[in-house]
Amino acid sequence: GPFLEGQRRRLVLLSTTAALGGFAEAAVLVLISRIAFALAAEGDQRSHVTVDLGPIHAVLSLPFLIGLAAALIALRLTLNIWQARLSARASTSVLSRIRKRLVALYLGASWSLQSEEREGRLQELLTTYAVNASTSVLYLANGAVAVFNLSAFILTALAVNPAGAVVVSVTALLLAAMLRPIRAAVRRRSRRSAEANLTLATSLTELASTTQEVRIFEVEQQVRRRLDAQTDVAAEEQYRTSVLGQVTPAFYQSMALFLVVVVLAVAYAVDFTSLASLGAVILIMLRSLTYGQGAQSSLQALHTSAPYLDTLQAEEDRYRAATIERGGDPIDTIGDLAFDDVSFEYEPGQPVLCDLDFDVHRGEIIGIVGPSGAGKSTLVQLLLRLREPTKGRLLVDGRDVRGLTIDDWYHHVTFVPQDAHLF
């Protein structure tokens, strides 16, 4: 739901075209069975065909039926092309929206969150996870098409032969119920696979940014062993997910074909004699099972994508909860700065800066000296308003900076970083 913002109209149109396409295809199958039996007949039955579709009863010429079947096929093709455009547009729109929203939320989050984010995690969310979410919209669209096609086929079968319609409906429900435990297993495996791949991708990005340290401190073997282990875990989880994903369609196809054979056996046992009606029902049933498999495959794919959607939603909520407050009073100029009894703690009870009091006047140059870990970087981050003091205040011309708009603050403040990055 959260990822389908702005796409519901497209999905409604997609479902409508799917239903129309389903009725068109089902009608073609009925016509094909009637035409085939007419061609096998002799005399007047060969040139004129009786068509029964529920309340519709007509005797039509064979050339007209052939032309009608061709026209319905053309209509179905047109609807299929429209469906492809609608589903592709929905998928790409969702991908674009997810990426823009995630970037905006990350940039608007606090420095505390940004500084703790592991390297490579955001990139993985914006690529693999966002693409999986986008693809899930395609799965949903394909599933909707299959479901509405299946519904159209069942209604058509009801008009041709009520007993056949009941068989098709019961078959679809039975297969869906039988595959439910497998879908649950696929979802569990997919979640483990997604977590393993995210861990591996993050570690690889960290390796790329720390290659100098890895070589100089002679830890290549340790790093390689760790990455090898993570690779093995990701591969094993992917293997298990893949096996389940491939076994399910094969199981569905086998059961579907078995049920078709059962229907034929029942027809033989009750001495069913309406060959044209039986042929139409068998054709509709075979195509219905195909669409049922499409719906099942889409549902399984959605279960596979669910962990990616869950993670994206959780990350968006985490970024949103850390959104910084941008309101406040405007800043015209910055004169004197003052630390008023400022303390800061990363962990409760473990102070990094304690009771700092000092003034900086406009034009002054001040050096801050101390060993590694003494709090120099933390002090600069407080000055830059990347972090807020645990206790005390940072004052600008006597005003607490927390009451001043942060955008104006960065308009007046800059710094020269220790590591220069080229944009």
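Overview of results
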| read-out | value |
| --- | --- |
| Any hit, segment 90-110, residues being in contact with a helix residue (DSSP H, G or I) (Cβ under 7 Å, 6 or more places away or on another chain), modelled with pLDDT of 85 or more and over 22 Å from Gln7 (Cβ atoms) | yes |
| Filter pass, Ser87 being touching a residue at least 24 places away in the same chain (Cβ under 8 Å), out of contact with any Asp or Glu (no Cβ under 9 Å at 6 or more places or on another chain), assigned to a helix (DSSP H, G or I) and open to solvent by 30 Å² or more (accessible area, probe 1.4 Å) | no |
| Any hit, segment 327-345, residues being surrounded by fewer than 14 Cβ atoms within 10 Å (Cβ to Cβ), among the aromatic types (Phe, Trp, Tyr) and assigned to a strand (DSSP E or B) | no |
| Subset of segment 401-415 [open to solvent by less than 10 Å² (accessible area, probe 1.4 Å), touching a helix residue (DSSP H, G or I) at 6+ places or on another chain (Cβ under 9 Å) and in contact (Cβ under 8 Å) with a residue 24 or more places away in the chain] | Trp409 |
| Filter pass, Glu206 being open to solvent by less than 50 Å² (accessible area, probe 1.4 Å), part of a helix (DSSP H, G or I) and farther than 25 Å from Ser305 by Cα | yes |
| Test: residue in segment 384-393 that is open to solvent by less than 50 Å² (accessible area, probe 1.4 Å), touching a residue at least 60 places away in the same chain (Cβ under 8 Å) and part of a loop (DSSP other than H, G, I, E, B) | yes |
| Given (1) closer than 28 Å to Thr128 by Cβ; (2) modelled with pLDDT under 75, index of the condition Ser169 fails | (1) |
| Boolean, Asn80 is touching a Phe, Trp or Tyr at 6+ places or on another chain (Cβ under 8 Å) and touching a residue at least 40 places away in the same chain (Cβ under 8 Å) | no |
| One residue from Arg76, Arg46, Arg10, Arg34 being open to solvent by 20 Å² or more (accessible area, probe 1.4 Å), assigned to a helix (DSSP H, G or I) and modelled with pLDDT under 70 | Arg46 |
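Every residue, every condition in (1) buried (at least 17 other Cβ atoms within 10 Å of the Cβ); (2) modelled with pLDDT of 85 or more; (3) on the phi < 0 side of the Ramachandran plot, yes or no:
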{"site": "Thr273", "(1), (2), (3)": "no, no, yes"}
{"site": "Gln296", "(1), (2), (3)": "yes, no, yes"}
{"site": "Leu309", "(1), (2), (3)": "yes, yes, yes"}
{"site": "Ile324", "(1), (2), (3)": "no, yes, yes"}
{"site": "Gln350", "(1), (2), (3)": "no, yes, yes"}
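The values are calculated or read from the model by the stated rules, or taken from the named source; none is laboratory data. What you are looking at is a predicted structure, and each value in this text was computed from that prediction instead of being measured. Methodologically, a virtual Cβ is constructed for each residue, glycine included, from the backbone with ideal geometry; neighbour enumeration extends over all protein chains shown. We work out accessible area using only protein heavy atoms, side chains counted, and drop any ligands, DNA or RNA first. Shrake-Rupley method; radii C 1.70, N 1.55, O 1.52, S 1.80 Å.
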